[in-house]
Amino acid sequence: MDSPPGLIERAAARLRDANVATPAPLERHTPEFRGTAVEPPPLTRQVVLDRTHLAQRGISMPWATTARIVEEYRIIKRNIIFRWQTPEYLATAQQSPKVIMVTSSKPREGKTFSSINLALAFAAEENLVTVLIDADPVRGDAASSLKIPFEPGLTDVLAGEVRLHEALIQTDLANLVVLPPGAPGPHVPELLSGRGPGLLFADIAARYPEHVIIMDTAPCLASTDPAGLARVVNQVVFVVEAGQTQRAEIESSLNLLSSCRHISFVLNKAPAGSSEHFGAYSYYYEPGKTEGKAGVD
C-alpha cells in the first residue's frame, strides 16, 4: 500500500492544480491609482510648445499645414491604427495599453524626429490622448527638441523617487502629454528591462483610457535599453536612414528586437522624388520570417 503524500508533495499538487506561478520580486515602481476608485491626481507641470523651434527642426503641427512630411506621418499613423482594428489584434489579451517604440540602429538616423512627428500625428486625433515618453536619459533628444526639463521623468518614476503625475507634463495641445527621460545612471538598464515599464504603461492607460504611448528610445546598437523594452510594447517603428544604414546593422538590430512581433520600418532622409509615393514607407516584420508586407498603406 502506498504511503500518503507528504506536505511538500501535497503543496506541489495544489500549486499545479491552481496553476499558480512563483511571484516575481516587487519593483520599485508601484501603481499610482490603477485598480482603485481613486481619481488620478491632476498634472502640475505644463509647457507651451515653441512652434518656431520645432519648425526649425522640420517638425510641423498636423492641423496647421498640409506639408509632405505631415502627410507621410499621417500614413504611418493610419497604418498602425488599421492594425488595431484587425480581428487578430482584437482577439488578443494585450489590446491595452497601446505602446509604440521608435528606435534605429545608430544615432542621428532620425528616430527622435520620427517620434515627435508621429506623436503629433496621433495627437491630432479628436479623442485620443498621446503620451510621448523620452526613454533615452543619456541624450534626451526628445526633451531637448521640445525644450522641456529632463527631470523628473521616466527613470525617476521607475525608481520610485516621484509619482507619475509629478513627472508628466501637459503641453498646450490638449491631446499631447510628455514624460521626460529623468536622471541617467548605471541603474537605468535594469529599470527599463524590469517589470516597472509594464506597470507604468498600465498606469498611463488607466489615467487615459483612450490613449497611445509613443516611446523614443536609444539606438539598438548603442544601448541595451530597446532590447529590454521590446518585450512590453505592441509595435516597434524602426527608422532607417536612406543610403546610410547598412543591412548588417538592420539585421543585428532586428535580432535584438525579436521579442516584439510587429516591427515596421520608416525610411528617413530619402531624396525628394525618389518614389512615386510619399517619402516614408513601412512594412510589418515578424521574427522568424524573411518576407513582409511592403509599401505605403
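The values are calculated or read from the model by the stated rules, or taken from the named source; none is laboratory data. If you're wondering where the values come from, they're calculated on a predicted model, not measured in any experiment. No Cβ is skipped: glycine too gets one built from the backbone with ideal geometry, and neighbour counts run over all protein chains shown.
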Yes/no for residue 191 being aliphatic (A, V, I, L, M), surrounded by 23 or more Cβ atoms within 10 Å (Cβ to Cβ), more than 22 Å from residue 264 (Cβ to Cβ) and touching a Gly at 6+ places or on another chain (Cβ under 6 Å): no
Test result for residue 212, in contact (Cβ under 8 Å) with a residue 40 or more places away in the chain, within 19 Å of residue 139 (Cβ to Cβ) and among the β-branched types (Val, Ile, Thr): no
Criterion (over 12 Å from the mean Cα position of the chain (by Cα), crowded, with 16+ Cβ neighbours inside 10 Å, among the small types (Gly, Ala, Ser) and modelled with pLDDT under 95) met by exactly one of 242, 248, 206: 206
Close pairs from the stretch 43-64: first within 20 Å of residue 165 (Cβ to Cβ), partner part of a strand (DSSP E or B) and not polar (S, T, N, Q), Cβ under 7 Å, at least 6 apart: 45/169; 46/169; 47/169
Filter result (hydrophobic (A, V, I, L, M, F, W, C) and surrounded by 12 or more Cβ atoms within 10 Å (Cβ to Cβ)) within the stretch 81-118: 81, 84, 99, 100, 101, 102, 113, 116, 118
Residue that is farthest from residue 182 (Cα to Cα) [pool: residues in the stretch 127-152 that are in contact with an Asp or Glu (Cβ under 7 Å, 6 or more places away or on another chain) and among the small types (Gly, Ala, Ser)]: 142
The stretch 65-107: number of residues that are touching a residue at least 60 places away in the same chain (Cβ under 8 Å) and not β-branched (Val, Ile, Thr): 17
Of all residues in the stretch 48-97 being aliphatic (A, V, I, L, M) and in contact with a strand residue (DSSP E or B) (Cβ under 8 Å, 6 or more places away or on another chain), the one that is nearest to residue 117 (Cα to Cα): 76
Residue 228 part of a helix (DSSP H, G or I) and in contact (Cβ under 8 Å) with a residue 24 or more places away in the chain: yes
Qualifying position, being touching a Pro at 6+ places or on another chain (Cβ under 9 Å), over 19 Å from residue 100 (Cα atoms), buried (at least 17 other Cβ atoms within 10 Å of the Cβ) and among the small types (Gly, Ala, Ser), among 182, 140, 228: 182
Residues of the stretch 176-219 satisfying the condition of being among the hydrophobic types (A, V, I, L, M, F, W, C) and over 25 Å from residue 81 (Cα atoms): 183, 188, 191, 192
Matching residues in the stretch 156-177 - criterion: being among the β-branched types (Val, Ile, Thr) and under 18 Å from residue 213 (Cα atoms): 157, 169, 171, 177
So residue 71, is it surrounded by 15 or more Cβ atoms within 10 Å (Cβ to Cβ) and acidic (Asp, Glu): yes
Sole exception among (1) modelled with pLDDT of 90 or more; (2) under 13 Å from the mean Cα position of the chain (by Cα) for residue 224, by number: (2)
